[in-house]
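The values are calculated or read from the model by the stated rules, or taken from the named source; none is laboratory data. Quick caveat, the model's predicted, so the values are computed rather than measured. A quick note on method: Cβ atoms are made from the backbone with ideal geometry, for glycine too, and the neighbour counts reach across all protein chains shown. What goes into the accessible areas is simple: the full protein's heavy atoms, side chains included, and nothing from ligands, DNA or RNA. Shrake-Rupley method; radii C 1.70, N 1.55, O 1.52, S 1.80 Å.
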Amino acid sequence: MGSSSATANRFLLSKIATSEGHGENSPYFDGWKAYDRNPFHPTKNPEGVIQMGLAENQLSFDSIEDWIKKNPKASICTPEGVEEFKNVAIFQDYHGFPEFRKAVAMFMSKARGGRVTFDPNRVVMSGGATGANELVMFCLADPGDAFLVPSPYYPAFFRDLGWRTGVQIVPVDCDSSNNFKITKEALEAAYEKAQKNNINVKGLIITNPSNPLGTTLDRNTLESLVEFINQKNIHLVCDEIYAATVFSSPTFTCISEVIQNMNCNPNLIHIVYSLSKDMELPGLRVGIVYSYNDDVVNIGRKMSSFGLVSSQTQHMLASMLLDEEFVARFLETSSKRLAKRHGVFTKGLEEVGINCLKSNAGLFCWMDLRRLLEDQTFDGEMVLWRVIVNEVGLNVSPGSSFKCVEPGWFRVCFANMDDETLEVALKRIRTFVRQGKKAQDQVVQVKSPKRWKSNLRLSFSSSSTRRFDQESVNVLSPHMMSPHSPLVRAKT
């Protein structure tokens, strides 16, 4: 289609359809596209890009598969369960199966250590956390209204919260000076700035545990957030989709625990949840809105008609999640495996002087590569990111796509691959960094100008270990490999 035809066609479409609200013109999604074009495979494509930009948990699928094999009646597509086929396949209203809502409420409690209970009648279904976040926005805000969101935050919030609803995001700037903790001062500054710009702030959205930080909010911080939204009379939406991914202390504190002991307006408190991360089931598209506001529950349930969880999925998961022995065993196994994987990955990075923000949850690390930047700018971050994706062959996500206020931070996911692929990824990182040190030594000798080589060429041996072409040694510039860089001091 020619450019004139494409332009004419756009006039036939809606403003939403032709807007950039999908947010995919971002390095976050560009990295995914690089992976899609050249996906890594240990034998078929060992030089391909390894997907480390997908926050997916694949470490405990064997537990789920084992349960399915032992419980064939849970599926309507087996001889043992086919007698329920008609009851599941016929029309179901948007309330969902009572046993499914009961199972979800019980699982939410288990995933939070059993310290709080949830009412099945407040469970509202949606098509994944994406649909749940959008549903909440439709209930709480009008086009042009805004929600405060502490940065760094999930890049697709731009799409999930605002593309179709017209809701704006007002970032609350957090930085590494206090490990990106949310402060009342930062909240007030963002709120006041929005007010001065005549933006109507309807609420605050937090992710707890945090994506991309992998940290949990302590009780004092949560109490201060509740006090803030109460004072402003705005909503608090808590995205808790990583609640059961906590693998080390401190334990997770959910918003429901906090408000039990506070004098607050419960009509302002809402939870977004899903089974994508905690149960490793993103493809089943199970999203949940749990609100303490009766009107949001009632209206949200009606709106959920646009994105229901399939009856077949509800039927199977109800059986699975009501199996208390399985759930307890699964949550324990998942936590142990995440802890082990996190330890292997972070220790592998530390071997070459790369540190991550200390974390206790999530499926990723917040990796600090600030000292590798040629220029301490977001342009410098993008230069480094392009080399990592295109030359090193790792799809990691740059901090700028999470609206981080400091260049040089990257989110890197570690739970969406097997042990062998993780080791290949670590070898690529270590080889890249160590080759950078060698490059620095040669640069110092020849006093080469500070610049990146665009013709960097990499290849793999049969064991999938990456090596650098000897003619392309200037990987890191003298500035990037300064004497103060941890990489210069790293043992090789």
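Laid out as a table, the results:
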item: Positive-end residue of Gly48, Leu225, Ser334, charge dipole of the chain with Cβ unit charges; result: Gly48
item: Farthest positive-ward along the chain dipole, Cα basis, beta-carbon charges - from Ser256, Val424, Val405; result: Val424
item: Mean projection area, nm², convex hull over Cα of the chain; result: 26.6
item: Of all accessible heavy-atom area on the chain, the percent that carbon and sulfur account for (1.4 Å); result: 50
item: Principal-axis tilt of helix 419-446 within the chain, Cα atoms, nearest 10 degrees; result: 30
item: Helix 294-303 axis, angle to the chain major axis (alpha carbon atoms, nearest 10°); result: 70
item: Per residue, in Å², the accessible surface of the chain once ligands and nucleic acids are set aside, probe 1.4 Å; result: 45
item: Unmatched cysteines, the chain - criterion: no other Cβ of a Cys under 4.7 angstrom; result: Cys77, Cys139, Cys174, Cys238, Cys254, Cys264, Cys404, Cys413
item: Three-way shape label, region 32-181, alpha-carbon gyration tensor, a/c 1.5; result: oblate
item: Cα shape, region 236-391, gyration tensor, a/c 1.5 rule; result: prolate
item: Estimated dipole of region 73-323 in Debye, rounded to 20 [Cβ of Lys and Arg +1, of Asp and Glu -1, Cα centre]; result: 140
item: Burial order of peptide ranges 414-426, 54-66, 175-187, 383-395 (average beta-carbon count within 10 Å, highest first); result: 383-395, 414-426, 54-66, 175-187
item: Angle in degrees between helix 311-321 and the longest Cα principal axis of the chain, rounded to the nearest 10; result: 80
item: Dipole magnitude of region 253-409, debye to nearest 20 (Cβ charges: Lys/Arg +1, Asp/Glu -1, about Cα centre); result: 220
item: Net charge dipole size for the chain [Lys, Arg +1 and Asp, Glu -1 on Cβ; Debye, nearest 20]; result: 1320
item: Rounded if a/c under 1.5, otherwise prolate or oblate - region 73-323, Cα gyration tensor axes; result: prolate
item: Full-stretch length increase - Lys73, Asp36 - with 0.36 nm per residue and alpha-carbon distance subtracted; result: 9.6 nm
item: Mean residue ellipticity (222 nm) of the chain, computed from DSSP H runs ≥ 4 via -39,500 (n - 2.57), nearest 500; result: -12000 deg cm²/dmol
item: Above-threshold pairs, the threshold being 28 Å between Cα atoms, out of Lys69/Lys110; Lys44/Lys336; Lys73/Lys102; Lys184/Lys403; Lys15/Lys277; result: Lys44/Lys336; Lys15/Lys277
item: Selection from Leu187, Cys174, Ala17, by position along the positive dipole direction of the chain (Cβ); result: Cys174
